Amino acid sequence: MIFLWAAISGGGIKTWQFGLPVAVAAAIISIKLLPPKGRLWRIKGLLLFIPFFIRHSIYGGVDVAKRALNPSLPIEPELLDYSMRLPEGSARIFMTTVINLLPGTLTAELKGGTLQVHTLDKKLPTKQSLIKLEANIARLYGYDIGK
């Protein structure tokens, strides 16, 4: 809500005396009317996830850009099936979204506990990246999924 207010008002300091209380009130009303389902993020997990997310987002973007601009780089696409250990719900959905930021990967389908991932190059360590991502998301949501 705060970002919406900044966009609408132009972000001027004087507008915040009205905008900030309205944005906070709207957020509180929204939570009361539609309470979040499932677990919420853990602060420690979030602090550890942010650098992981930024690093992999940048690496993924650079990797795909290099492949697009240099035709000699290998592209051997494949569909990989990955058995998720996260429980059903928001953590699993969040993972299917974040996978798209890993180097050369795209979520293709989620059926039950199996996730199908499209990868640009079957030589990429996609399965290891998915294991690390799932562990980071489990920590973010406070789940213990084992090693």
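If Leu86 passes every condition in (1) exposed (fewer than 15 other Cβ atoms within 10 Å of the Cβ); (2) closer than 24 Å to Leu40 by Cα but one, which one does it miss? The one condition Leu86 does not meet is (1).
Yes/no matrix, rows are residues, columns are (1) surrounded by 14 or more Cβ atoms within 10 Å (Cβ to Cβ); (2) assigned by TED's automatic domain parsing to the domain that holds Ile99; (3) not polar (S, T, N, Q):
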{"position": "Ala26", "(1), (2), (3)": "yes, no, yes"}
{"position": "Ile29", "(1), (2), (3)": "no, no, yes"}
{"position": "Ile50", "(1), (2), (3)": "no, yes, yes"}
{"position": "Ser57", "(1), (2), (3)": "yes, yes, no"}
{"position": "Val62", "(1), (2), (3)": "no, yes, yes"}
{"position": "Lys66", "(1), (2), (3)": "no, yes, yes"}
{"position": "Asn70", "(1), (2), (3)": "no, yes, no"}
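Applying the criterion of being outside any loop (DSSP other than H, G, I, E, B) and free of Cβ contacts under 8 Å to residues at least 24 places away in the same chain to the residues of segment 66-88, the residue that is farthest from Asp144 (Cα to Cα) is Leu69.
Is one or more of the residues making up segment 124-142 among the polar types (S, T, N, Q), farther than 14 Å from Tyr82 by Cβ and in contact (Cβ under 8 Å) with a residue 12 or more places away in the chain?
The answer is yes; a qualifying residue exists.
Among all positions in segment 115-128, there is no residue which is assigned to a strand (DSSP E or B) and exposed (fewer than 12 other Cβ atoms within 10 Å of the Cβ). The residue that is farthest from Glu134 (Cα to Cα), counting only those in segment 12-24 that are exposed (fewer than 10 other Cβ atoms within 10 Å of the Cβ) and of a type outside the set (Gly, Ala, Ser), is Lys14. Scanning segment 89-112 for residues that are of a type outside the set (Phe, Trp, Tyr), surrounded by 15 or more Cβ atoms within 10 Å (Cβ to Cβ) and assigned to a helix (DSSP H, G or I) turns up Ser90, Ala91, Arg92, Met95, Thr96, Val98, Ile99, Leu101. Only one of the numbered conditions (1) touching a helix residue (DSSP H, G or I) at 6+ places or on another chain (Cβ under 7 Å); (2) part of a strand (DSSP E or B) is violated by Ile145, and that is (2). Of all residues in segment 24-45, those being in a helix (DSSP H, G or I) and modelled with pLDDT of 75 or more number 12.
The values are calculated or read from the model by the stated rules, or taken from the named source; none is laboratory data. Note that the coordinates shown come from a computational prediction; the quantities given were computed from them, not determined experimentally. Note: ideal-geometry Cβ built from the backbone for every residue, glycine included; neighbour counts use all protein chains shown.
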